[in-house]
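Before any comments, here is the structure.
The values are calculated or read from the model by the stated rules, or taken from the named source; none is laboratory data. Everything quoted here is computed from the prediction, not taken from an experiment. Glycine gets a Cβ as well: all are built from the backbone with ideal geometry, and neighbour counts include every protein chain shown. Calculation scope for accessible area: heavy atoms of the full protein, side chains included, ligands and nucleic acids excluded. Shrake-Rupley method; radii C 1.70, N 1.55, O 1.52, S 1.80 Å.
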Amino acid sequence: MICVRSNPSPAPQEDAWVTSYQRLVPHWHSVSLSHQFKILCFRHSSIPISISRVNQFDAARLDIELSAMLKEQLVKVFSLMKPGMLFQYEPELDAFLEFLIWRFSIWVDKPTPGIALMNLRYIQMNVPWH
């Protein structure tokens, strides 16, 4: 079934786009300015930023994996020594590697490698946030 209009709409004037543009420009500017104002207010607001627990767990898991990679490299360094000698000191080795990660990250006010890879930032809640 073909539907045919009996009264077709007239063609728009040649300068219709110019009049429409001139009519809409003030509205566009007001929308743009209100959007910029909202962004500025958001940047300077004191809304606390929440970090997803999943991201925190992922960062902790990355730290554990990094520690395991460092341990694997250390075991390879001492592979020519008496077999099993290094494994009797495994808890101390793990503690030492964790200390190295802590010393060169948190101690010097830097994030742990996992937090840095996940691009997380923590703030102190007892200090006013600006």
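Restricting attention to segment 48-124, which chymotrypsin sites (Phe, Trp or Tyr not before Pro) occupy a DSSP loop and are surrounded by at most 13 other Cβ atoms within 10 Å?
Numbers: sites: Phe57, Phe78, Phe87, Tyr89, Phe96, Phe99, Trp102, Phe104, Trp107, Tyr122; in loops: Phe78, Phe104, Trp107, Tyr122.
Here the chymotrypsin sites (Phe, Trp or Tyr not before Pro) that fit, given the DSSP loop and packing criteria, are Phe78, Phe104, Trp107, Tyr122.
Quote the charge dipole size of segment 53-108 about the Cα centre in Debye, to the nearest 20; the model charges only the Cβ of Lys and Arg (+1) and of Asp and Glu (-1). Mind showing how you got there, number by number?
Values: 6 positive and 8 negative charges, 20 e Å.
Value, rounded to 20: 100 debye.
Using every pair of separate Cα atoms, the Kirkwood estimate puts the hydrodynamic radius of segment 53-108 at 12.5 angstrom.
Taking each residue as 0.36 nm, the span from Ala60 to Leu120 lengthens on full extension beyond its C-alpha to C-alpha distance by 20.5 nm.
Keeping the other protein chains in place, figure out the carbon and sulfur percent of the accessible area of segment 53-108, with a 1.4 Å probe. Write down the numbers at each step before the final one.
Values: 3050 of 4430 Å².
C and S fraction of accessible area: 69 percent.
Here the Karplus relation 6.51 cos²θ - 1.76 cosθ + 1.60, evaluated at θ = phi - 60°, turns the backbone of segment 111-120 into coupling constants of x, 5, x, x, 5, 5, 5, 7, 6, 9 Hz, with x for every Gly and Pro. For a modelled paramagnetic label at Glu90, 7 Å from Cα along Cα-to-Cβ, the residues of segment 49-78 in reach, with backbone nitrogen under 18 Å, are 64-78.
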